[in-house]
1. Using a Förster distance of 22 Å, how high is the FRET efficiency between GLU291 and GLU234, based on the Cβ-Cβ distance and rounded to 0.05?
2. If you take every residue apart from ILE182 with its C-beta less than 10 Å away from the C-beta of ILE182, what net charge results, scoring Lys and Arg +1 and Asp and Glu -1?
3. Quick one: grab the alpha carbon gyration tensor of the stretch 8-94, order the square roots of its eigenvalues as a ≥ b ≥ c, and give me rounded if a/c is under 1.5, else prolate or oblate depending on whether a/b is larger than b/c.
4. Pairwise over distinct Cα atoms, reciprocal of the mean inverse distance: report the Kirkwood radius of the chain in Å, one decimal place.
5. Give the cross-link partners of LYS298 among the lysines, using a straight C-alpha distance below 25 Å as the criterion and excluding same-chain residues fewer than 8 apart.
6. Given labels modelled 7 Å from the Cα in the Cβ direction, how far is it in nm from GLU6 to SER218?
7. As a test of understanding, state the convex hull volume per residue of the stretch 130-197 from its alpha carbons, in Å³.
8. About the Cα centre, and with charges only on the beta carbon of Lys, Arg (+1) and Asp, Glu (-1), how big is the dipole of the stretch 1-145? Nearest 20 debye, please.
Amino acid sequence: MFDEFEDQHLAVAWSGLPPYAAYCLAELARQYLGRLTILGTKADVPHQGLEAMIGQEIHWLERNKSYGWKELDLEVPDRFIHTGWAYPAFNSLGAEVGTAGGQRYSMIDTIWYGTWRQYVGLAYFRLVYRKWFDAVLVPGVCGRRFCRRIGMPNELIFEGLYGANPKIFTQGPTLSGRPKRILFVGRLIERKGIPALLQAARESARRDDGWEFVLVGSGPMEAEVRAEPSIHWEPFASPDTIAEWMRASQFLVLPSLEENWGVVAHEAALSGCGLILAEGIGAAEDLLSRENGILVRKGEAESLSQAFETLAGWSSAQYQNCEQESSVLAANFGPLAFVQSVERMLSAEG
């Protein structure tokens, strides 16, 4: 791979660099034949050991500060990939790449919600930023649809931006042989649909569906979660511990009101879990089918409760089909898929 780029300097800048991105960048570092520079801004809750995960230095920036490549002691790269178009740190560096005649690419995870801010952003992108980017990298189908809406040609949109590490999130026992457990992993906030989830879990317990509900995470709604008798709460944990929970659960539930993609859904699918996802979650179009779970109406406890009741009656054959379908769909994403998409994107003629 990347034979035609062995003499080219590629730089990748990632805002709020998370561990799953580090695994994708590690695979890129392993396969890219030219010079590779990694830049990033730190997440609100910084993650430790990212440079060790990637296997090379990360140049840390402040997202709202403008930089020049010379200021960073770096040569202007031939090609520059960066997240978004709203970060001064990346935009200033990208402007230099464009002035030098290099190629620029954006990693965009946004999906269409129809808000007034998106309408304004749509117009601004078409007027200003469309000419900046030679191509874009998106998570999946929803991201492609959004980028077509803002003016990117379909052939210059590449899927595979996000994905979990399949070396950590692996298949466990057969789905029908696991504990009858529904797992949530994430921030305990209203946007994640926690109020509806608590109510639906309460109704499921009242019906005696037989589910154990485990919520792994932290956030402003932690006290309410811990006070709910139908819920078992666990503090947010390392990827290895979360992977163990997934291998010991039958379903992941993600009832978010907004979720551009949802890497946790990919983690669960890699682990062979079935999925209960809310409408509007980006990953639902890529990872969920009638075979491996249920799509519920966002923000509606009744829809969630009905899903729990339906899944409680699944047969062994349905569990087997579910596990197989999750594994098949999950195989389309991850570090290797990310690298393959980057290679196709760099080869595209804008």
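Coordinate-derived values only; no laboratory data. None of these values were measured; they are calculated from a predicted model. FYI the Cβ positions are ideal-geometry reconstructions off the backbone, even for glycines, and counts take in every protein chain you see.
1. 0.15
2. That sum, taken over residues with Cβ under 10 Å, equals 0.
3. It comes out oblate by the Cα gyration axes.
4. 21.1 Å
5. LYS180, LYS192
6. 4.8 nm
7. Spread over its residues, the Cα hull of the stretch 130-197 gives 184 Å³ apiece.
8. Dipole magnitude for the stretch 1-145 comes out near 820 debye.
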